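**Q** Mind having a look at this structure? Questions to follow.
Please treat every number below as a calculation from the coordinates, not as lab data. Source: prediction; values computed, not measured. Note that we place each Cβ from the backbone using ideal geometry, even for glycine, and neighbour counts take in every protein chain shown.
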Amino acid sequence: TAPRPPEIQPAASRAQSKPRSSSVNGRGVSASDFKFGKQLGQGSYSTQVVFAKSVNTGEEFAVKVIDKGHLKRKDKTHIAQAERNTLVKLGSGHPGIVRLHSTFQDTWSLYFVLDLARNGELQSKISNLGSLSLACSRYYAAQIADTLEYMHSKGVLHRDLKPENVLLDDNFHIKICDFGTGKIMDSTERGETFVGTPQYVSPELLERNETSRSSDYWALGCIIFQMISGKFAFHGLSDYLTLEKIKKMEYSFPEGFDENAKDLVQKLLVRDPVQRLGAGPPGSTNDVQSLRSHPFFSSIDWSTLWSDPAPPLE
Ligand code: ADE
């Protein structure tokens, strides 16, 4: 990962020693309520995520610290606001989403107090293991699909779904994070501008700057391909070349790729967003129900998906 910007790093420690905060949630939470620890990660826009322990309750959280100066300089204040609105909208309604507990700010930073996902990013598991077992890939694909269905039912698109944004909690269940580019859909179901990660960007976004729920299902297809094979579905020597491959739908399955998984990925990596599996209107042959009943998921019990133990990570 890139070195963190020097102006951001000291924010948490400064706030800790010199609490000057104003609550924006009416509950009077401030940085002095937490003891901050090590850095857990970096978010999508001038942010860092740090471990934090409540001084009062001992509860542990991940706190996203967003540098206000950077937001203002880059004219990105609306992004932080959008992320907060999205997280508030999603609430605590689904186990697959990192929950926002409170927000506050001080002179320098905005703070989002989030669920701590102790087992890190799905990306690092794929990197460390090379690829994931079919059982793991299936289980995580199902949990992501289930979470997407919930998000979409709340009118929220993720728009930057990738294994770095899929975290694992104590039970190795997924928690999707980083809604910084998330968009609350209007009634036409279209987002407008977008910045994403090249490997997971859908063709409609590249070609027509258009996103919908369907684009999140494209990303799911890319993630399933990657979990099973250990490789990006679309990858060129440069971002430009990666994007060219996506436009041409140029990808191929490695030898031995599970047949059911292959069929599913082929139904997700479909150029026409309307035809993509999971994205069709209820009752259609490509609705969410059809995704759930795809043969790849035949061994998944959707009703106990979040209470079943995760398969051993391998
Ligand atoms: N990195 C980014 N967000 C995180 C979270 N909520 N928990 C743990 N690590 C993270």
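**Q** Identify all residues within the stretch 130-147 that are more than 15 Å from the ligand (Cβ to nearest atom), in a helix (DSSP H, G or I) and of a type outside the set (Gly, Ala, Ser); write none if there are none.
**A** Just the residues of the stretch 130-147 that are more than 15 Å from the ligand (Cβ to nearest atom), to begin with: 130-146.
When the remaining residues are screened for being in a helix (DSSP H, G or I), the result is 134-146.
Leu134, Cys136, Arg138, Tyr139, Tyr140, Gln143, Ile144, Asp146 - these are the residues of the stretch 130-147 that are more than 15 Å from the ligand (Cβ to nearest atom), in a helix (DSSP H, G or I) and of a type outside the set (Gly, Ala, Ser).
**Q** Continuing with this model, one more query. How many residues does the stretch 237-275 contain that are more than 22 Å from Thr211 (Cβ to Cβ) and free of Cβ contacts under 8 Å to residues at least 12 places away in the same chain? Explain how you work it out, then say what you get.
**A** Step one: list which residues in the stretch 237-275 are more than 22 Å from Thr211 (Cβ to Cβ), which gives 237-238, 241, 252-263.
Within this subset, residues satisfying the condition of being free of Cβ contacts under 8 Å to residues at least 12 places away in the same chain are 237-238, 241, 252, 255-256, 259, 262.
Looking only at that region, the number is 8.
**Q** Quick check on my filter: what residues within the stretch 113-163 are in contact with a Phe, Trp or Tyr (Cβ under 8 Å, 6 or more places away or on another chain) and of a type outside the set (A, V, I, L, M)?
**A** Listed by number, the residues that qualify are Asp115, Asn119, Arg138, Gln143, Asp146, His158, Arg159, Asp160, Lys162.
**Q** Looking only at residues in the stretch 57-81 that are more than 24 Å from Tyr140 (Cα to Cα) and buried (at least 19 other Cβ atoms within 10 Å of the Cβ), which one is nearest to the ligand (Cβ to nearest atom)?
**A** The selected residue is Lys64.
**Q** Hey, can you tell me all the residues within the stretch 218-248 that are surrounded by 12 or more Cβ atoms within 10 Å (Cβ to Cβ) and among the aliphatic types (A, V, I, L, M)?
**A** Ala219, Leu220, Ile223, Ile224, Met227, Ile228, Ala233, Leu241, Leu243, Ile246
**Q** Output the number of residues of the stretch 83-103 satisfying the condition of being part of a strand (DSSP E or B) and over 22 Å from Gly37 (Cβ atoms).
**A** Summing the residues that are part of a strand (DSSP E or B) and over 22 Å from Gly37 (Cβ atoms) in the stretch 83-103 gives 1.
**Q** Which of the residues spanning the stretch 298-314 are of a type in the set (Gly, Ala, Ser) and surrounded by 10 or more Cβ atoms within 10 Å (Cβ to Cβ)?
**A** Those that are of a type in the set (Gly, Ala, Ser) and surrounded by 10 or more Cβ atoms within 10 Å (Cβ to Cβ): Ser299, Ser307, Ala310.
**Q** Can you name the number of the only condition in (1) within 13 Å of the ligand (Cβ to nearest atom); (2) among the aliphatic types (A, V, I, L, M); (3) in contact (Cβ under 8 Å) with a residue 60 or more places away in the chain that Leu100 fails?
**A** Answer for Leu100: the failing condition is (3).
**Q** I would also like to ask the following. Run down Arg84, Arg159 and say which single residue is more than 14 Å from the ligand (Cβ to nearest atom), of a type in the set (Lys, Arg), buried (at least 16 other Cβ atoms within 10 Å of the Cβ) and within 22 Å of Val201 (Cα to Cα). Reasoning before the result, please.
**A** Working: Arg84 fails: within 22 Å of Val201 (Cα to Cα).
Residue meeting the stated conditions: Arg159.
**Q** Could you list, ordered by first residue, the pairs with Cβ atoms under 9 Å in which the first is in the stretch 126-143 and closer than 13 Å to Ala261 by Cα and the second is among the small types (Gly, Ala, Ser) and crowded, with 21+ Cβ neighbours inside 10 Å, at least 6 apart or interchain?
**A** If the second residue must be among the small types (Gly, Ala, Ser) and crowded, with 21+ Cβ neighbours inside 10 Å, the pairs left are Leu134/Ala261; Ser137/Ala261; Arg138/Ala261; Ala141/Ala261.
**Q** Take the residues in the stretch 104-129 that are within 8 Å of the ligand (Cβ to nearest atom) and part of a loop (DSSP other than H, G, I, E, B); name whichever of them is surrounded by the fewest Cβ atoms within 10 Å (Cβ to Cβ).
**A** Within the stretch 104-129, the match that is surrounded by the fewest Cβ atoms within 10 Å (Cβ to Cβ) is Gly120.
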